[in-house]
Amino acid sequence: MIPSLLLLFLLPFPLFGETDTELSGFAETLLAFQAGNSGKTLAAKTRLRPDFEVFAGDFYLRTSLNAEYNDRTPSKTAVSVNEVYLDYTGSRFDLRAGRQIIVWGRADGVQITDIVSPKDQTELIGLDYEDTRLPVTALKARLFGTVYTLETIWIPFYSANDYPESRDNPLTELLYPRKLDFGSGGETVSYLINEEKLPDSISDSEIGLRGSLYLPVADISISFFRGWDNSPACTMEHETSDGENVITLTPDYARIWMAGIDTALPLGPVVLRMESAWIGGRSFSRDNAFESPVRTDQIMALAGIDWNPGDGWSLTGQYIEDIIPDYDNKLAREQRSNSITLSISRKLFRETLELSVSSAAGLEHIDSYSSIEVEYAFSDAFHLTLGGVFFSEGLNGKGDYGMYDEFSSIWSRGRFSF
């Protein structure tokens, strides 16, 4: 389908005479080793991301590919299309059709209103948040005014988050443990995923509307989305067949709506950011995973600050609230979850060396994630980054970050841009 779509996009270009083309992208290699005495290899991959662009009059075509060789997780070794879309730009509007990434909101590394494009959850180490976004096949139109932008999107076919499934992926064991306790000790299990309820027709299409207002004192955006939850909760069913324990997972694809607002207020070297969303009809798992998920509303809000005092310093801090107003005490999560994130960086030696420290912590259980990175630019094209990422469980072993403790690691990444 994608090659045919690309050919269709290329057809109008000869009609406009002279065209300009541009090739850019990057190649990178990532290595990660488990922190501590084991030194187990957690990641070893090489990735090539070429971007091919064509300009012709008011038309613009972008094609982005992803070629990956993954030694630690062979199932990820593949060549795939990342984005391929066609733009048309008029005097006060533009249209974009094709496979594209859609970004909403102002949060840094946190999903509030940014729920349109699904996320890649198959990897954990050495990834920027931007790298986790997955494209959707969509039609997007924008109308530009002097102080406003109106945006509308239509997504004809649903796409879910990408979760680890192959046993060669170390994250798979967290989602699908090989052994479960059915009351008589740990027993080996296998898994099946029942996709009978997967939204797969054009009648299941999604729509989104976003209006942005640019004022001298602040930028304000209001968003609305009607579609499907990218991270469906699942119901588990246990069967025994020929002496084998089989767990069937049935995702509960919930038709949700989201109404959100975000704003940015610049105050000299400081920018204050706020974002909130009310998400209706979202599906949440129960404590007992063999019972059907609960559909209810969720409220998420964020307050953040960006400070650039000069001399290469940069600081970002965020406070996040996550609340379920109509709470069921049988849910697998608590009614309220609040957390903070903090990031500090400084560029040195004419911006060739960047040191950065970032962390996130759940305030209920004091579980945390911390990252340290040192990036050196040998040239504009070649950058080398050394980093460490560390997870710690909270009080009484609770909290979400503690489950990733075995992924605390030291990693290195070399990237060549062209």
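The values are calculated or read from the model by the stated rules, or taken from the named source; none is laboratory data. In this text, all values refer to a predicted model and were calculated from it rather than measured experimentally. Positions of Cβ are backbone-derived with ideal geometry, glycine not excepted, and every protein chain shown enters the neighbour counts.
Quick notes on this structure:
- Candidate set: the stretch 302-319, residues that are polar (S, T, N, Q) and within 25 Å of I279 (Cβ to Cβ); chosen: the one surrounded by the fewest Cβ atoms within 10 Å (Cβ to Cβ): T316
- Search result, residues across the stretch 376-418 that are farther than 19 Å from A361 by Cβ, under 23 Å from the mean Cα position of the chain (by Cα) and among the hydrophobic types (A, V, I, L, M, F, W, C): L386, I410, W411
- Pairs, first more than 17 Å from S292 (Cβ to Cβ) and free of Cβ contacts under 8 Å to residues at least 24 places away in the same chain in the stretch 315-340, second aromatic (F, W, Y) and part of a loop (DSSP other than H, G, I, E, B), C-beta under 9 Å, six or more apart: Q335/Y327
- Long-range neighbours under 7 Å by Cβ, at least six apart or interchain, first residue closer than 8 Å to A332 by Cα within the stretch 284-300, second of a type outside the set (A, V, I, L, M, F, W, C): F284/P293; F284/T296; F284/R333; S285/P293; R286/P293; R286/K330; D287/K330
- Across the stretch 1-34, the qualifying residues are those that are hydroxyl-bearing (S, T, Y) and modelled with pLDDT of 60 or more, and the one among them that is farthest from G387 (Cα to Cα) is T19.
- Among the residues of the stretch 266-299, the one identified as of a type in the set (V, I, T), within 25 Å of the chain's Cα centre (by Cα) and farther than 26 Å from Y253 by Cα is V271.
- Subset of the stretch 35-65 (residues that are within 27 Å of I372 (Cβ to Cβ), touching a strand residue (DSSP E or B) at 6+ places or on another chain (Cβ under 9 Å) and not aliphatic (A, V, I, L, M)): G39, K40, T41, K45, T46, R47, R49
- Near pairs, Cβ below 7 angstrom, 6+ apart or cross-chain, from the stretch 190-218 (within 20 Å of A264 (Cβ to Cβ) and of a type in the set (S, T, N, Q)) to any residue that is at pLDDT 95 or above and in a strand (DSSP E or B): S212/Y148; S212/T149; S212/D219; S212/S221
Every residue, every condition in (1) over 17 Å from S412 (Cα atoms); (2) in a strand (DSSP E or B); (3) touching a residue at least 24 places away in the same chain (Cβ under 8 Å), yes or no:
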| site | (1), (2), (3) |
| --- | --- |
| F33 | no, yes, yes |
| G39 | no, no, no |
| S64 | yes, yes, yes |
| S75 | yes, no, yes |
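- Among (1) more than 26 Å from S337 (Cβ to Cβ); (2) touching a Gly at 6+ places or on another chain (Cβ under 9 Å), the one test that V147 misses: (2)
- For the stretch 261-274, the criterion of a residue being assigned to a strand (DSSP E or B), more than 30 Å from S184 (Cα to Cα), touching a Phe, Trp or Tyr at 6+ places or on another chain (Cβ under 9 Å) and not hydrophobic (A, V, I, L, M, F, W, C) is satisfied by at least one position.
- Matching residues, the stretch 33-55, being hydrophobic (A, V, I, L, M, F, W, C) and surrounded by fewer than 18 Cβ atoms within 10 Å (Cβ to Cβ): F33, A44, L48, F52, V54, F55
- Residues that are modelled with pLDDT of 95 or more and under 30 Å from A138 (Cα atoms) number at least 1 in the following strands (runs of 3 or more DSSP E) confined to the stretch 170-217: 206-214.
- Just one of the listed residues (D108, D114) is out of contact with any Leu (no Cβ under 8 Å at 6 or more places or on another chain), surrounded by 16 or more Cβ atoms within 10 Å (Cβ to Cβ) and at pLDDT below 95, namely D108.
- Members of the stretch 119-173 found to be over 30 Å from P216 (Cα atoms) and in contact with a Lys or Arg (Cβ under 6 Å, 6 or more places away or on another chain), listed by number: G126, T132, P135, T137, N161
- For the stretch 148-163, the set of residues classified as touching a residue at least 60 places away in the same chain (Cβ under 8 Å) and touching a Pro at 6+ places or on another chain (Cβ under 9 Å) consists of Y158, S159, A160, N161, listed by residue number.
- With respect to the conditions (1) at pLDDT below 90; (2) closer than 25 Å to L331 by Cα; (3) of a type in the set (K, R), R167 lacks only one, and its number is (2).
- Picking from residues in the stretch 276-300 that are of a type in the set (S, T, N, Q) and not in a strand (DSSP E or B), the one that is surrounded by the most Cβ atoms within 10 Å (Cβ to Cβ) is S285.
- Residues that are of a type in the set (D, E, K, R) and within 27 Å of L386 (Cβ to Cβ), drawn from the stretch 358-374: D367, E373
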